[in-house]
Structure formats: C-alpha cells, structure tokens
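Please read the structure below before turning to the comments.
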Amino acid sequence: MSSSKHCSNSVLAPRRTTEMAKATRVAFGEALARLGATHENVVVVDGDLSCSTNTRKFSEQFPDRFIQLGIAEGNMVGVAAGLAMAGKVPFVSSFACFLAGRFEQIRMSVGYNNANVCLVGTHAGVGTGEDGYSQMGLEDVALMRSLPNMVVLQPADAVEAERATEFLADYVGPAYLRLTRQALPDIFDADYSFEFGKGIRLREGKDLVLVASGGVVANCLEAAELLAAGGLDAGVVNIHTIKPLDEQLLREVASNTSRVMTVEDHGVVGGLGSAVVEALSEMPDVVVRRHGVLGYGESGTQVDLYARHMLDAAGIAEAARRFLAPDVEAVATG
C-alpha cells in the first residue's frame, strides 16, 4: 500500500512526544501483519529471531507463509531469492549485523539477480544497548548502499516505519530496511505520507543544517532547540531514504547555510555521512562534518551509549558548536 502523497520539501512541523514512543522494529512487525491480509504474495523468512525482529505476529496469522530456517542466515538469503524468482515478495528479517555478515550471499543471490527481496535489519547501531558490539549493526549501511541496485531506507519513528513497510510491500527490486531496537519518540502523526527518495525539512536554520536518519532524528530536533538557546540557528533534515539520496534537497539546504553536519547511529565510513559528502562534493563553498560512531560499539544502556558517542541531544549540540567554533566562538556557551 504505497502512497503517492508526501510531505513536500517545505518545512514539516514535527511533533515529538514519548507518550506513544515505539521501536521501529515493532511498528514494522505490526505493519507487516496487516499487509499479510492484503498482499497474498508477501512471505516472511526468519532466522530464529521472530520475537526480536517482531515478525512473530505475521507467523501467527499466516503460518503457511512464514518460513523458519533457524540460525542459518546465508541459507535464509538464498531461499528468499528463490522465493522472489518464483513470484513471491519475501521479507527477510534478522539483526542488521547478521545480515551484513552474509554480504556475499546478498551480493550474489539478491543483488546480482535483481531479486525482489526486502532485507530487514533490526537492532541497528549502538542504540541496541547492552547486548554489545557483536549484536550491533554499524557497518550495514555502508555495505548495502555499495550494491548498485539496492535501496536503503531508515525510518525516524514508528509511523514512518509503518509507511516504509507499506511502500516496500509494493516495491519491486532489492531493498534494505534498517530498524531500531529502542523506542523512538513520535515525530509524525497518523496523516504522514511517505515519499520514497525524498528527504524532509523538519526545521529551517541559517547557521547550519543537521542531516540525520533513523534513531537520531528526534535527538537532532532537540539539539537544534539547545543550539537556539545559545544563539545558533540549526536546521534539521530527515533522510529516510539513504539510497537513492535526495541530492536536490541536500544541495538546496547546503546552499542556504554552507555548513552541513550529518548525524547517524552508524560508523562514520560509508553511511549517511559518506553519501552526503559524495552528493555535495562539487559544491566548493560547502563544508560537511560527519558525526557518527567512531570505532567499535560496546555494552551499555542505550542512553549511556548515545551520551558516550555524542548521539544524544546534548552531544549533537556540542558537536555542532565545535563544528562552527571558528565562526561563532563568542556565541557558543558550551
């Protein structure tokens, strides 16, 4: 049930509340179960993680369209490609790090064959928390966007996750959907419409623009408010489609500020930041700062890890102040 409607590139007034906060993996699971009733060709292929990836509800409602392959992710990818070649629409769910670990199978069975497979990577980034680095997807976007025909989506809240899932049920071609373990504040209301490949201006700003995706978008909005209290005017752009990237929007916002800081819960190499740098490389007056995870993840609470990696609102605001320090040293209050 993809939608042709969308929020335009004009500023969309966001709402941020924790009252209905929900992990994007949960919203995906709920949307997938609903889609099972309207999309008879949708099947789910699982690697013994249906509770964690939230595909269990689909398995309970449509047991004959749920394929459990156990802890054999490589085989899972191959089976999904075969199902796609037979006319099915398979959603392959696992942790983002486990899918990234099967990149060769994804490259050959899904990418090279242009198979209509939706890979769903949950537990993305250090937001995964206490399970530690072995369970955190921090390199997955870099790998997936390297494949020529792979689209990469990363929703910023539960509503956007639902809409992205609906879109992918009708999309034809290889796709990767990146989801969070942790609950995210609501940014969009129920009337929100998803437009594939189009970024969204959530806030205008003249000093710099924060370009973010996924679990850190709400933190960027809060960071912009912290910066405003210190006299800095920061815009915020939500990039739910990392590939194909909305280069036109990025060029527009970059030309207005000339200072762009990307923010992502992913390694700084190969992810959203790298994609934005590539897109703006021919704009000589624009400076881009990539802000993400340096090094490997570790075990800790989601709150503590976001603070440690400066991905919470306070950390993002401080990183932005440091970025602008040569120009606004007298304004920054720390």
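The equivalent ellipsoid that matches the C-alpha gyration tensor of region 21-113 spans semi-axes of 20, 16, 11 angstrom, in descending order. Rounded to the nearest 10 degrees, the angle from helix 24-38 to the longest Cα principal axis of the chain is 40 degrees. When all alpha carbon pairs of the chain are counted in 10 Å bins from zero, the resulting P(r) reads 6, 28, 36, 21, 7, 1, 0 %. With the simple model of a label 7 Å out from the Cα in the direction of the Cβ, Ser299 to Glu247 spans 4.5 nm.
So how tilted is helix 217-229 from the main axis of the chain? Cα-based, degrees 0 to 90, rounded to 10. So the inclination is approximately 10 degrees. Annotation for Asp189 and Glu104: the two label points, set 7 Å from Cα along the Cα-Cβ direction, are 5.2 nm apart.
By the count of neighbouring beta-carbon atoms within 10 Å, fewest first, Arg289, Arg181 end up ordered Arg289, Arg181.
Can you run the Rg to Rh ratio on region 202-263? Use alpha carbon positions and the Kirkwood inverse-distance Rh. Can you show the working numbers first?
Numbers: Rg = 11.0 Å, Rh = 11.5 Å.
On the Cα set of region 202-263, Rg over Rh gives 0.96.
Counting other beta carbons within 10 Å of each residue's own, what order do Cys51, Cys118 fall into, fewest first?
On the way: Cys51 11, Cys118 27.
Sorted ascending by nearby Cβ count, the order is Cys51, Cys118.
3J(HN,Hα) along region 112-124: 4, 8, 6, 6, 7, 10, 9, 8, 10, x, 9, 6, 7 Hz, from the Karplus curve 6.51 cos²θ - 1.76 cosθ + 1.60 with θ = phi - 60°, whole Hz, x for Gly and Pro. With each label modelled as a point 7 angstrom along the Cα→C-beta vector, the Val287-Cys51 pair spans 5.0 nm. The order of Thr128, Thr180, going from fewest to most other C-beta atoms within 10 Å of their C-beta, is Thr128, Thr180. Rounded to whole numbers, the Karplus 3J(HN,Hα) couplings from phi for region 72-85 are 8, 5, x, 4, 4, 5, x, 4, 4, 4, x, 4, 4, 5 Hz, using 6.51 cos²θ - 1.76 cosθ + 1.60 with θ = phi - 60°, and x at Gly and Pro.
Bridgeable lysines around Lys198 (alpha carbons under 22 Å apart, same-chain partners fewer than 8 residues away excluded): Lys5, Lys206, Lys243. The C-alpha atoms of the chain define a longest principal axis, and helix 158-170 lies at about 50 degrees to it.
Viscosity 1.002 mPa s, temperature 20 °C: give me the Stokes-Einstein translational D for region 19-186 in µm²/s, with Rh taken as the Kirkwood radius over C-alpha pairs. Roughly 140 µm²/s, to the nearest whole number. Taking every DSSP bridge with both residues inside the chain, close to 20 percent are antiparallel. 3J(HN,Hα) along region 266-271, derived from phi through the Karplus expression 6.51 cos²θ - 1.76 cosθ + 1.60 where θ = phi - 60°, amounts to 6, x, 6, 9, x, x Hz, with x in place of Gly and Pro. Computed extension length for Asn149-Ala229: 24.5 nm, one decimal, from 0.36 nm per residue of separation with the Cα-Cα distance subtracted.
For region 200-324, the spread of Cα positions along the three principal axes, ordered from largest to smallest, is 39, 33, 22 Å.
Here region 161-180 and region 258-292 have alpha carbon centers that stand 24 Å from each other.
Each reported figure results from applying straightforward, stated rules to the coordinates on display, with no laboratory input. Worth saying up front: this structure is predicted, and the values here are computed from it rather than measured. So basically every Cβ, Gly included, is an ideal-geometry build from the backbone, and we count neighbours across all protein chains shown.
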